[in-house]
1. Taking only protein heavy atoms into account and a 1.4 Å probe, give the accessible area per residue of the chain in Å².
2. Mind listing the phi-derived Karplus ³J(HN,Hα) values for the stretch 169-179, rounded to whole Hz, using 6.51, -1.76 and 1.60 with θ = phi - 60°, and x for any glycine or proline?
3. Computing the accessible area with a 1.4 Å probe over protein heavy atoms, can you report the carbon and sulfur percentage for the chain?
4. What percent do you get for the relative contact order of the chain when only Cα pairs under 8 Å and 6+ apart count?
5. Quick one: length gained pulling residue 20 to residue 173 fully straight, 0.36 nm per residue minus the C-alpha distance?
6. If the viscosity is 1.002 mPa s and the temperature 20 °C, what Stokes-Einstein diffusion coefficient in µm²/s follows for the chain when Rh is the Kirkwood radius over Cα pairs?
7. Once the convex hull of the alpha carbons of the stretch 187-267 is built, what does its volume come to per residue, in cubic angstrom?
8. So the label point goes 7 Å from the Cα of residue 37 along Cα→C-beta, right? Which residues of the stretch 102-143 then have their backbone N under 15 Å from it?
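The values are calculated or read from the model by the stated rules, or taken from the named source; none is laboratory data. Bear in mind that the values here come from a model prediction, so they are computed numbers and not experimental data. Methodologically, a virtual Cβ is constructed for each residue, glycine included, from the backbone with ideal geometry; neighbour enumeration extends over all protein chains shown. Only protein heavy atoms, including side chains, enter the accessible area calculation; ligands, DNA and RNA are left aside. Shrake-Rupley method; radii C 1.70, N 1.55, O 1.52, S 1.80 Å.
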Amino acid sequence: HVRATIQIKKNFELARFIQRVYLYPGIDRIDFELIIDWQGKNKMVKVAFPLNVQNDSATYEIPYGTIERPSVGEEQVAQKWVDISDEHYGVSVLNDSRYGYDVTKNTIRLSVLRSPDHPVETLDDKGIHQVKYALYPHKGNWRQANVMREGYEFNYPLIAVNEGVHKGNLPAKHSFVEISPENLVVSVLKKAEDSDDMIIRFYETKGDECIAKIRLSPFMGINAIHKTDLLENEIEDIPLIKYEFEVRVGKYSIESFKLIKDFYPAE
């Protein structure tokens, strides 16, 4: 079996809820899909997870890093996950589209929707909503469990494409960009703002200094690497050897590089 599914249906006044729970063999994560046909005012919908672990603070993912906040039940913002851990065990709640949480010592609640009618009436929440979130139990703390990567994998799942047998230039297994060690995450691969070159941006997620090793596909045709700042101003030349380059990365550092192709003017 690929997965097992449990479906739960509930009503609240005029609103209807369908919750699907997905279990996959060999994956230490419980996935949820919540479909809501919402009709209501001055109500807030949350999903709650009372956990068998507790701490006076929780860790929240924020842009390019994390922050620890006291668990006092106040509404707080996070990106892809929130985690409660002790010395030996922890649990994260991952989400793909909702970013409000309130957390106590042993409970994580994810805010799904709200529908106030004052001081300004909000009508956007009426109708059909589809929200995905997941429960990720793990040994150790969020660093040891690589929760940052788990959050990325939940938000950016693999896309499978059916393809017949045909000739081509690429090998059967291929990566356009590879980066190590695992505490580094590529957040941007895009066209540069002022040229046809590309920009790669990655950051360190765990607070560990390291040497980053980046390998580029030969098919990208990159001839030079320039380190840049966040505004893509070029700072220094980085040696590129056999489509690989290495740089020292500091704790929680955000690093950007311009991938440059040689320019051949038209004859």
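1. Values: 16360 Å² over 267 residues.
So the chain comes to 61 Å² accessible per residue, rounded to a whole number.
2. My calculation for the stretch 169-179 gives 7, 7, x, 5, 10, 7, 10, 7, 9, 10, 9 Hz in order.
3. Numbers: 8440 of 16360 Å².
Carbon and sulfur: 52 percent of the exposed surface of the chain.
4. Normalised by residue count, the contact order of the chain is 14 percent.
5. Details: separation 153, 0.36 × 153 = 55.08 nm, distance 3.40 nm.
The residue 20-residue 173 span can extend by a further 51.7 nm.
6. The estimated diffusion coefficient comes to 99 µm²/s.
7. Details: hull volume 8.4 nm³, N = 81.
Enclosed volume per residue, from the Cα hull, is 103 Å³.
8. Once the point is set 7 Å along Cα→Cβ of residue 37, 126-130 turn out to lie under 15 Å by backbone N, inside the stretch 102-143.
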